[in-house]
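First up is the structure itself, then whatever we jot down about it.
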Amino acid sequence: MTRRSSHLRVERLLARLEAAYPDAKCALHFSNPLQLLIATILSAQSTDKMVNIVTPALFKKYRTADQFANAEIDELENLIRPTGFFRNKAKHIKEACRIIVEKHRGKLPRTMAELLELPGVARKTANVVLGVAFNQAEGVVVDTHVQRIARRLDLSHETRPEKIEQDLMRVIPKEKWIIFAHLLIHHGRAVCVAIRPKCAVCPIEDLCNSEDKTI
Ligand code: SF4
């Protein structure tokens, strides 16, 4: 595939997905950047739906980074228990909030490097926070849906999220990095599911040559 034809294909993919999912956005509920960070930490190995069930009580009890940093660990663990891996997540949230208070005066930092210093925060979480809370495109969110569909669409042959992200940053125009991940996540939930993708109703079927296709 030439550079131009691959550029055209990506443009078509984006246009079709944007038309199919005009309301694609982050599914986590939050009302400030700190809440988004915590919700994203909780979403690891869980679902956005489950996180949205847990966070109203959590955000009612703890409103600031300082309050999270000083939370009783047992109480925090109990509130987030349904999201799984709750001991680690509670430890990470407390420690991340301690750093936010001590190094950033209680405000969430806005750079990739500073976010990556927070426990429990890898590139995926940092990209979610930067893209969704600050509208800053420093990379592409690579979650399980993006990982699977990028490979099905031949946008990356890599298996590690960091490598897939680098491939996507090369082929997707920077101004589309944030929406691209939302689109793929929606597509992955609705149509391009992991087992038996619903190719018969897929809006990009003619642009996909995946071996996983069901038609
Ligand atoms: S055609 Fe099938 S495998 Fe390809 S993107 Fe659509 S749903 Fe996924």
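The values are calculated or read from the model by the stated rules, or taken from the named source; none is laboratory data. It should be emphasised that the depicted structure is a prediction, and the values quoted were computed from it without experimental measurement. In this analysis, Cβ positions are derived from the backbone assuming ideal geometry, glycine residues included, and neighbour counts consider all displayed protein chains. Protein only, heavy atoms only, side chains kept; ligands, DNA and RNA dropped before computing areas. Shrake-Rupley method; radii C 1.70, N 1.55, O 1.52, S 1.80 Å.
Couple of notes before you dig in:
- Test: residue in the stretch 170-177 that is buried (at least 16 other Cβ atoms within 10 Å of the Cβ), more than 12 Å from the chain's Cα centre (by Cα), at negative phi and acidic (Asp, Glu): no
- For the stretch 60-85, residues that are surrounded by 19 or more Cβ atoms within 10 Å (Cβ to Cβ) and assigned to a helix (DSSP H, G or I) total 7.
- When the test is whether a residue is within 17 Å of the chain's Cα centre (by Cα), more than 16 Å from the ligand (Cβ to nearest atom) and within 25 Å of Lys49 (Cβ to Cβ), Gly188 does not pass it.
- Close Cβ contacts (under 7 Å, 6 or more residues apart or on different chains) running from residues in the stretch 153-177 that are of a type in the set (D, E, K, R) to residues that are open to solvent by 40 Å² or more (accessible area, probe 1.4 Å) comprise Asp154/Asn209; Glu162/Arg123; Glu165/Arg123; Asp167/Glu158.
- Checking each residue in the stretch 155-214 for being in a loop (DSSP other than H, G, I, E, B), under 20 Å from Val128 (Cβ atoms) and basic (Lys, Arg) picks out only Arg160.
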